[in-house]
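These notes concern the structure reproduced below.
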Amino acid sequence: MRFDVVTLFPELVRPVVECGIAGRAAEQGLFELHLWNPRRWGSGVHQAVDDRPYGGGPGMVMGFEPLSAALSAVREADPRPVHVVALSPQGRRLDQAALRRFAGMPRLALLCGRYEGIDERLLEAEVDEEWSLGDYVLSGGELAAMVVIDGCVRLLPGALGHADSAQQDSFTEGLLDCPHYTRPEVVAGRAVPQELLTGHHARIERWRRRAALGRTWERRPDLLAEMTLGPDDAALLDDYRTLRNRSGEHRDGDD
Ligand code: 9D3
């Protein structure tokens, strides 16, 4: 897979592929990252890429020409068709389904806005989709582009070991993960849940499933509302609620 990022801050984006899973995937040649600074196509001695907004108001707007020229260079750099995604607060909130779709594409161009935003005509003419990270204010699209790259790369075949891909099976999808523990068995006066020490595989799996259902119910009821629980899951969640109501300590607040 080939990524092309159009950004005023290429040096900010580059490090995302230098570490961890993405770093190893890059070494294996599973993807390429190319960075394009639209300032190269800016105007005047300062190579300006922004200008004042029509209609007045605060801030500056990224103009059509430099971004269009950058995207032309992106298209010409490789014969394969390129899907163009802009990162902006006006986009839909990014989700795993979008990442899976992107990860199946041969080429993805990521357009990062700065200032107040991008001239709407550039978005209409050249951009296929707009995505956001969520309802909070960032300084630009670069961090969102890095999120897209990281989320795609780990889905590329060969990027992960077997252990993690097994975790992505449909059984756990849509739920929060259960808590995890490692040695020592007791730390800061807190013991590992006894069920995990039994070595009894079926009991351990039941405990994990119950914990995952319970945490999702407490922390992300919106996720549970999108699922239909089978009878086994419904019983496990009932179990969890009963146990929780009997114990005094509720880290996530009360009902
Ligand atoms: C405070 C400025 N806002 C005035 C109403 C508009 C605004 C313009 C540009 C807010 C943020 C930005 C820059 N943000 C992004 O380009 C961005 C973003 C974000 O801010 N939040 C979540 N996801 C994304 S993706 C790109």
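The values are calculated or read from the model by the stated rules, or taken from the named source; none is laboratory data. Here the structure is a predicted model, which means the values were calculated and not measured. No Cβ is skipped: glycine too gets one built from the backbone with ideal geometry, and neighbour counts run over all protein chains shown. The protein model used for the area step is the full one, side chains on, heavy atoms only, and it has no ligands, DNA or RNA in it. Shrake-Rupley method; radii C 1.70, N 1.55, O 1.52, S 1.80 Å.
Comparison of VAL148, VAL153 shows that the only residue that is out of contact with any Cys (no Cβ under 9 Å at 6 or more places or on another chain), within 22 Å of PRO10 (Cα to Cα) and near the ligand (Cβ under 10 Å from one of its atoms) is VAL148. Evaluate the following for PHE31: is it away from the ligand (no atom under 16 Å from the Cβ) and open to solvent by less than 60 Å² (accessible area, probe 1.4 Å)? Yes; evaluated as a whole, the condition is true for this residue.
Looking at ALA98, ALA22, which one is among the small types (Gly, Ala, Ser), under 29 Å from GLY161 (Cα atoms) and in contact with a strand residue (DSSP E or B) (Cβ under 7 Å, 6 or more places away or on another chain)? Can you show your working first?
Working: ALA22 fails: in contact with a strand residue (DSSP E or B) (Cβ under 7 Å, 6 or more places away or on another chain).
Checking each option against the conditions leaves just ALA98.
Looking across the stretch 70-91 at every residue that is of a type outside the set (A, V, I, L, M) and in a helix (DSSP H, G or I), the one that is surrounded by the fewest Cβ atoms within 10 Å (Cβ to Cβ) is identified as GLU76.
Condition (residue is open to solvent by 20 Å² or more (accessible area, probe 1.4 Å), over 25 Å from the mean Cα position of the chain (by Cα) and at pLDDT 95 or above) applied to the stretch 4-24: is it met by at least one residue? The answer is no; no qualifying residue exists. For the stretch 95-112, the criterion of being within 12 Å of the ligand (Cβ to nearest atom), more than 14 Å from the chain's Cα centre (by Cα) and in contact (Cβ under 8 Å) with a residue 24 or more places away in the chain is met by at least one residue.
Can you work out which of the residues in the stretch 43-59 that are closer than 21 Å to VAL5 by Cβ and touching a strand residue (DSSP E or B) at 6+ places or on another chain (Cβ under 8 Å) is most open to solvent (accessible area, probe 1.4 Å)? Full working, then the answer.
Of the stretch 43-59, the ones closer than 21 Å to VAL5 by Cβ are 47-50.
Narrowing further to those that are touching a strand residue (DSSP E or B) at 6+ places or on another chain (Cβ under 8 Å): 49-50.
On the way: VAL49: 6, ASP50: 42 Å².
My answer is ASP50.
All of LEU229, LEU243 fail the test of being open to solvent by 50 Å² or more (accessible area, probe 1.4 Å), closer than 20 Å to LEU196 by Cβ and of a type in the set (A, V, I, L, M), apart from LEU243.
Take the conditions (1) farther than 19 Å from GLY151 by Cβ; (2) aromatic (Phe, Trp, Tyr); (3) assigned to a helix (DSSP H, G or I); TYR54 misses just one of them, which is (3). Kindly provide the set of residues from the stretch 98-128 that are more than 19 Å from SER72 (Cβ to Cβ), open to solvent by less than 60 Å² (accessible area, probe 1.4 Å) and not in a loop (DSSP other than H, G, I, E, B), ordered by number. Within the stretch 98-128, ALA98, LEU99, PHE102, ALA103, GLY117 meet the criteria.
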